[in-house]
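Step one of this worksheet: look at the structure below.
The values are calculated or read from the model by the stated rules, or taken from the named source; none is laboratory data. Since this is a predicted model, take the numbers as computed values, not measurements. Every residue, glycine among them, receives a Cβ derived from its backbone with ideal geometry; neighbour counts consider all protein chains shown. These accessible areas exclude ligands, DNA and RNA; they are computed on the full protein's heavy atoms, side chains included. Shrake-Rupley method; radii C 1.70, N 1.55, O 1.52, S 1.80 Å.
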Amino acid sequence: MTQTTAPGRDRYSAVAIALHWLIAALILTNIGLAWYFDDLTGLARVAPTQLHKSIGITVLLLSVLRLAWRLVSPAPPLPADTKPWERLLAGGVHGLFYVVMLGLPLTGWAMVSASPLIHVFPIKLFDKVPWPAIGPLTSLPPDQMKSAHKALELSHGLLGKLTYVLIVLHVGAALMHQFVRRDVIVSRMIPFLRRA
């Protein structure tokens, strides 16, 4: 099957590729950390939780950069023979990935800000760089803080579950394109992969 794209626009830019894989690695690391510290209690939970926060804020910053780069350097067009429903699904999954890449760290940041523990364990990126809490949340009355924390925790958890669904869809689509259709889609994002 012949795939056609505009000349010179058949691959993502090096910056987009680097940001894609770096953010993906950080998100997967944070998922692993969340599974790990979920079973911990007391002080044993502090270090992995703090690392989780640091990685989350890093994902937030890199995602803002990635979104800005996407506006400057748009994605290469899909092959001309891509079906309309495939374009819609691909666009939906990519759009929802931006929702979780921004929403997960923002709800996490807000959640820890709406906790009395923020005064005991402030956010310090990689144990070095102080990161501010969200001020209005840190000064809520105790009952309001508890309610806000619960709502943010629920939102963070739901976005986490959405992330699992999106990863399955994204990886499944990539495998299908690479091994079933054998087209150029995956090679656009993997620098060393041979193009079909």
Practice prompt. Sort 185, 23 from largest to smallest accessible area, using a 1.4 Å probe on the heavy atoms of the protein chains.
Written response: 185, 23
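Quick check for you: with a 1.4 Å probe and neighbouring chains kept, what is the accessible area per residue of region 1-156, in Å²? Mind dumping the intermediate values first?
Values: 9140 Å² over 156 residues.
Accessible area per residue, region 1-156: 59 Å².
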Worksheet item: To the nearest 0.05, how large is the calculated FRET efficiency for residue 129 and residue 162 if R₀ is 41 Å and r is the Cβ-Cβ distance?
Response: 0.90
Discussion item. Angle check, please: helix 142-175 long axis (alpha carbons) against the longest principal axis of the chain (alpha carbons), in degrees 0 to 90, nearest 10.
Written reply: 20
Item to complete: Return the distance in nm (one decimal) between the two label points of a simple spin-label model at residue 80 and residue 17, each offset 7 Å from Cα along Cα→Cβ.
Response: 2.5
Worksheet entry | Listed residues 10, 143 arranged by accessible area, highest first, probe 1.4 Å | 143, 10
Item to complete: Order the following by accessible area, largest value first: 22, 193. Probe radius 1.4 Å; ligands, DNA and RNA are ignored.
Response: 22, 193
Worksheet item: Taking residue 128 as the anchor, which lysines have their alpha carbon closer than 25 Å to its alpha carbon, excluding any fewer than eight residues away along the same chain?
Response: 53
Worksheet entry | In sequence order, calculated HN-Hα J values of region 101-109 (Karplus, 6.51, -1.76, 1.60; Hz; x Gly/Pro) | 5, 9, x, 4, x, 5, 5, x, 4
Response to the item:
Projected onto the charge dipole of the chain (unit charges on the beta-carbon of Lys, Arg, Asp and Glu, signs +1, +1, -1, -1), the Cα from 191, 132, 148 with the largest positive-side position is that of 191
Worksheet item: So what does residue 53 come to for accessible area, using a 1.4 Å probe and Å² rounded to 10?
Response: 40
Item to complete: Once you have the Kirkwood Rh of region 84-168 from its Cα pairs, apply Stokes-Einstein at 20 °C and 1.002 mPa s and quote D in µm²/s.
Response: 149
Worksheet entry | Solvent accessible area, Å² - residue 65, 1.4 Å probe, full protein context | 90
Fill in: Sequence-distant residues sharing a close amide H with residue 125 (under 5 Å, placed H)
131
Discussion item. At 1.4 Å probe size, with the rest of the protein present, what percent of the exposed accessible area of the chain is carbon and sulfur atoms?
Written reply: 73
Practice prompt. On the full set of protein chains, 1.4 Å probe, figure out the accessible area of residue 177 and give it in Å² to the nearest 10.
Written response: 30
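Treating the beta-carbon of each Lys and Arg as +1 and of each Asp and Glu as -1, no other charges, what is the dipole magnitude of the chain about its Cα centre, to the nearest 20 debye? Each step should come with its number before you reach the end.
Values: 18 positive and 9 negative charges, 106 e Å.
So the magnitude is around 520 debye.
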Discussion item. Ignoring everything except DSSP H segments at least 4 long, calculate the 222 nm mean residue ellipticity for the chain; use -39,500 (n - 2.57) per segment, divide by total residues, nearest 500.
Written reply: -21500 deg cm²/dmol
Worksheet entry | Tilt relative to the chain, helix 46-72 - C-alpha long axis, 0 to 90 degrees, to 10 | 40
